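Worksheet for the structure shown next.
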Amino acid sequence: MPGAGGGQGAVHPEGLTEVSYSTNQANALIHLYRAEVGKMTAYRQRLDMTTNWSVVTTAGLASFALGDVNNSHATFLFAMFMNYFFLRLEARRFRTYEIAHHRVRIMERFFYPAMLGDKVDANWHQLLLAELSKPRSPMSRNDAMGWRLGRNYLWIYTAVLLAWFAKLDLQMPKGWKLEFPAALELADIGSFPGWLVFLGVFTFYGYLIWLAVRAYRTYPLEEG
């Protein structure tokens, strides 16, 4: 990185420009940028793959549950559990993706403007050095889950919930009147009462909505 001497690599008080970098320094940062973009691309594909698993699993379980009136509605509860597993897996991948994304944004925000003739903060490289010496995701697991929920999984969970209601409706005996609290019995699973199943499902969905609402709306680096 730029040094403190009086030569080409010196740190200038007024900020860094393209003349503040030697050829080796510029090449090293360009190769780092390409490597981090490659890592982002690989993890972007892994994120899409996890979402595809969730969609395919949901579609398969829904087809099974709705294909025969005798198949239990608990299949949809299992679909909710599987989607939560995929969500946590995707959140972990997303956090790793964001480590590379954070480094790329640092270079795009400081290094390339300097190379294009703009003056940037002379101490920006300390931020990049900190990221390289101790890699850390700029967001927590809950924030990562909230981001993925807001962009993909809330739609999947909405489809699962509507399909679950449709399954309960199909299980109603002909001529049976939908009245509460008797209607809660439609969600009975073995010795588990239907009201407890409904309570668990709506509590779980409330937790998902809370995750989605509390997640960051802006990328952390863009706040400063």
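For this structure, a couple of remarks:
- Scanning segment 90-128 for residues being open to solvent by less than 60 Å² (accessible area, probe 1.4 Å) and within 24 Å of N142 (Cα to Cα) gives a total of 15.
- Within segment 31-58, the set of residues being of a type in the set (F, W, Y) and open to solvent by less than 90 Å² (accessible area, probe 1.4 Å) comprises Y33, Y43.
- Pairing each residue of segment 137-161 that is more than 18 Å from T96 (Cβ to Cβ) with any residue that is open to solvent by 40 Å² or more (accessible area, probe 1.4 Å) and not in a helix (DSSP H, G or I), provided the two are 6+ apart or on different chains, yields no C-beta distance under 7 Å.
- Within segment 88-113, if we keep just the residues that are among the hydrophobic types (A, V, I, L, M, F, W, C) and touching a strand residue (DSSP E or B) at 6+ places or on another chain (Cβ under 9 Å), the residue that is nearest to A26 (Cα to Cα) turns out to be F111.
- In the set (1) assigned to a helix (DSSP H, G or I); (2) over 30 Å from L184 (Cβ atoms), the condition left unmet by G117 is number (1).
- Filter result for the condition that a residue is closer than 23 Å to L208 by Cβ, outside any loop (DSSP other than H, G, I, E, B) and under 25 Å from the mean Cα position of the chain (by Cα), over R109, R88: R88
- Among residues of segment 46-70 that are more than 13 Å from V160 (Cα to Cα) and in contact (Cβ under 8 Å) with a residue 40 or more places away in the chain, those with a beta-carbon under 6 Å from a residue that is in a helix (DSSP H, G or I) and polar (S, T, N, Q) at least six positions away or on a different chain give the pairs T51/N152.
- All positions within segment 171-187 that are open to solvent by less than 70 Å² (accessible area, probe 1.4 Å) and either modelled with pLDDT of 90 or more or part of a loop (DSSP other than H, G, I, E, B) (or both): Q171, M172
Residues are listed down the side, and each one gets a yes or a no for (1) closer than 25 Å to F192 by Cβ; (2) of a type in the set (S, T, N, Q); (3) touching a strand residue (DSSP E or B) at 6+ places or on another chain (Cβ under 8 Å); (4) open to solvent by less than 50 Å² (accessible area, probe 1.4 Å):
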position	(1), (2), (3), (4)
T23	no, yes, no, no
G60	yes, no, no, yes
D68	yes, no, no, no
A74	yes, no, yes, yes
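- Residue count for segment 135-170, restricted to those that are modelled with pLDDT under 85 and more than 25 Å from R214 (Cα to Cα): 2
The values are calculated or read from the model by the stated rules, or taken from the named source; none is laboratory data. Not measured: the values here are computed from a predicted model. So basically every Cβ, Gly included, is an ideal-geometry build from the backbone, and we count neighbours across all protein chains shown. Each accessible area value is taken on the protein alone, full model and side chains, heavy atoms only, with ligands, DNA and RNA left out. Shrake-Rupley method; radii C 1.70, N 1.55, O 1.52, S 1.80 Å.
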